[in-house]
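J.: Before I ask anything, here is the structure I am working with.
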Amino acid sequence: MAEGLGRSISALTGSNSIKGLRGTNGGDQNTHHHFVDDTMLMGYPSVQEARIFKQCLDQFGQAYGLEVNA
């Protein structure tokens, strides 16, 4: 399941819908990290990016029959 969420977030990054975070040296964008049973989301601190992440999580939840713990 986490693979599907990761692909959705990567697609948002590819379409420039979300910016993610970049290191001080201008490296790769970081948008998410998966752990054993957790996912950490990282994004540019804006209301717009937070809304896009929430929409992505809502779609993921509907597709897999899960509910995101806010």
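Read-outs: derived from the displayed coordinates by stated rules, not from any lab. Note that the structure is a prediction, hence the values are computed from the model and not measured. Don't worry about glycine lacking a Cβ; one is built from the backbone with ideal geometry, like all the others, and counts go over all protein chains shown.
J.: Among Thr31, Val47, Gln62, flag the residue with its Cα farthest along the positive direction of the charge dipole of the chain, charges on Cβ as +1 for Lys/Arg and -1 for Asp/Glu.
T.: So the residue we want is Val47.
J.: Right, something else. How far is helix 2-14 tilted off the main Cα axis of the chain, in degrees rounded to 10, range 0 to 90?
T.: 40 degrees
J.: Over the chain, calculate the relative contact order: mean separation of alpha carbon pairs under 8 Å at least 6 apart, over the residue count, as a percent.
T.: Over the chain, the number comes to 27 percent.
J.: Take the range 2-64, drop everything but the C-alpha atoms, weight them equally and run the Debye formula without solvent; then report log10 I(q)/I(0) at 0.13, 0.23, 0.26, 0.29 Å⁻¹ to two decimals.
T.: The computed values of log10 I(q)/I(0) come out as -0.33, -1.01, -1.24, -1.43.
J.: What does the helix-only formula give at 222 nm for the chain: each DSSP H stretch with n ≥ 4 adding -39500 (n - 2.57), the total divided by the residues, and the result rounded to the nearest 500 deg cm²/dmol?
T.: -14500 deg cm²/dmol
J.: So if I place +1 on the C-beta of Lys and Arg and -1 on the C-beta of Asp and Glu, and nothing else carries charge, what would the dipole magnitude of the range 2-64 be about its Cα centre? I want it in debye, nearest 20.
T.: 260 debye
J.: For the chain, find the longest principal axis of its Cα atoms and tell me its angle to the long axis of helix 47-64, 0 to 90°, nearest 10.
T.: Once rounded, the angle reads 30 degrees.
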